[in-house]
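Right, one structure below, let's go through it.
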């Protein structure tokens with residue numbers, strides 16, 4: 001079992017199959033990643049106790065040797081189809097459309113440039129035909145590999161037939177120009193640094209002169225003071241001084257009968 005959904009509880013259950021680690025279920029579809037040859041075979045899907053079957057075919061084509069072939073060499077073509085029913089046939093077809101022997105393996109002897117191209121491995125299953133392509137490259141005999149001749153040794157010195165200069169003469173000239181360019185760049189950078197320093201010092205001197213002139217002008221200006229013209233307050237009465245008592249009224253004569 002790979003995957004199961006319980007109809008009563010709706011819970012998902014993973015089976016013990018090894019392919020479960022490389023597969024996942026989306027809705028009702030099973031997606032397998034990194035397909036291997038051992039994954040080929042018949043898969044069963046049961047829904048509402050009704051089984052449905054699907055066969056997975058794994059096809060692989062290869063050539064031995066796989067690299068570009070020189071004319072006159074031998075090569076073997078392999079077409080392996082896993083999952084086919086017993087008795088199924090595999091047919092190879094050449095680039096010119098000519099069919100070859102009905103077999104999963106084809107041996108080509110003394111290949112020629114006409115054998116280069118796309119070879120097709122075709123097979124039938126369940127009333128349908130499937131195919132897989134394989135490209136074969138054969139080297140053109142007219143194309144020659146140009147190799148440089150080894151240097152001639154005369155009097156224990158290496159000679160170069162296409163050039164009269166020494167091997168490292170070009171490298172020496174290039175290094176000389178490189179050093180000149182580096183020295184000129186360093187000189188320009190040094191001059192820029194000196195110019196920046198001189199300008200900074202001049203700017204500081206100007207600021208100091210302006211500050212001195214400003215301080216001298218402030219010392220020449222007369223100082224101003226604030227005066228208050230407010231009236232003086234009345235003197236407060238002294239403490240301990242008593243007010244004078246009023247004099248007694250004069251005595252009136254007493255009238256008698």
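Here, each number is a calculation from the coordinates, and none is a lab measurement. In this text the structure is predicted, and so the values were computed from the model without any measurement.
Here is how the numbers come out for the structure above:
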read-out	value
Region 59-136 - convex hull of the alpha-carbon atoms, volume per residue in Å³	82 Å³
Region 3-57, relative contact order in percent, only Cα pairs under 8 angstrom and at least six apart counted	19 percent
For region 1-119, projected area of the alpha-carbon convex hull averaged over all directions, nm²	10.3 nm²
Measure of compaction for region 3-57 (Cα Rg per 2.2 N^0.38 Å)	1.19
Relative contact order [Cα under 8 Å, 6+ residues apart], region 59-136, whole percent	31 percent
